[in-house]
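The values are calculated or read from the model by the stated rules, or taken from the named source; none is laboratory data. Nothing here was measured: the structure is a model prediction, and the numbers come from that model. Here the Cβ positions follow ideal geometry from the backbone for every residue, glycine too, while neighbour counts run over all protein chains shown. Note: accessible area is taken over every heavy atom of the protein model, side chains too, but ligands, DNA and RNA are not part of it. Shrake-Rupley method; radii C 1.70, N 1.55, O 1.52, S 1.80 Å.
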Amino acid sequence: MPDSVVIIPTYNEKENIERMIRTIFGLGHPFHLLIIDDNSPDGTADIIKRLMPEYEGRLHLLQREGKLGLGTAYITGFQWAIEHGYEYIFEMDADFSHDPKDLIRLHDACAEKGADVAIGSRYITGINVINWPLGRVLMSYFASVYVRIVTRMPVMDTTAGFKCYRREALETINLDKVRMKGYGFQIEMKFTAWKFGFNIVEVPIIFTERQEGSSKMSGGIFGEAFFGVMKMKIRSWFRAYKR
């Protein structure tokens, strides 16, 4: 049984998904791939189904009835990965903003260097973002600063969505208790892992804005995260974090 599965949520990613699948399966490590598609009207799921016989046993698809939120997609994927016995469970975007080659570095951080959670970090060695407008760079960077101030969590890129979890970390976090469903989900997962005492390591990456398809980012996403972080911190005062 291969030890690693990469989880990618999709919605209208027909321009990117075949190239992403072929790129991941062309890496030296025998990754498996689970794609969770939220009923993309552009036919993303049809492309995946066409490729499944070519990568039989390695390429998996879960289809949902509609856009149910980034967080719920990942939770569904995490639960599937745990049930199927994977040791290293990744999350990444479909649009090549995350370089698939960095999956190897995240895997090695957990498998060889003792990390329980490895984060592909845009901010651990400065600001490594390409093709973002200045306003978005500042919003993202200072969102992470705000999260660090509120939570005291020693993570530079608190909103990063490119990560590898060891199986034990996901089994320990009660996924049913994760409240935030948008990009705040990324913050809550890191914070909860940290509170449980898991070793979080940031691996420097270069983040490149998508070339194909349209971004799902919005001001409302950051709004949820902004107010959700304070609520998350308050809830943590009344929760025991024992492994």
Longest principal axis of the chain (C-alpha) makes with the long axis of helix 184-195 (C-alpha) an angle, in degrees to the nearest 10, of 60 degrees
Charge tally for neighbours of Gly26 with beta carbon under 11 Å away, counting Lys, Arg as +1 and Asp, Glu as -1, is +3
What is the range 30-146 by shape, rounded, prolate or oblate, if you read a ≥ b ≥ c off the alpha carbon gyration tensor as root eigenvalues and call it rounded for a/c under 1.5, prolate for a/b larger than b/c, and oblate otherwise? oblate
Could you report the accessible area of Arg105 in Å², rounded to 10, computed with a 1.4 Å probe on the protein chains as they sit in the structure? 90 Å²
For Ile82 and Asp46 in one chain, what is 0.36 nm times their gap in residues minus the Cα-Cα distance, to one decimal in nm? 10.4 nm
Take the solvent-accessible surface of the protein heavy atoms, probe 1.4 Å, and return the percent of it on the chain that carbon and sulfur atoms account for. 54 percent
So, in nm, how far is label Leu68 from label Arg19 when the simple model puts each one 7 Å beyond its Cα toward the Cβ? 3.0 nm
Return a whole-number percent for the relative contact order of the range 88-243, with Cα pairs under 8 Å and 6 or more residues apart as the contact set. 36 percent
Working from Cα positions, state the angle (0 to 90°, nearest 10) between the long axis of helix 102-111 and the longest principal axis of the chain. 60 degrees
With each label point set 7 Å from Cα along the Cα-Cβ vector, what nm distance links Ser236 and Leu61? 3.9 nm
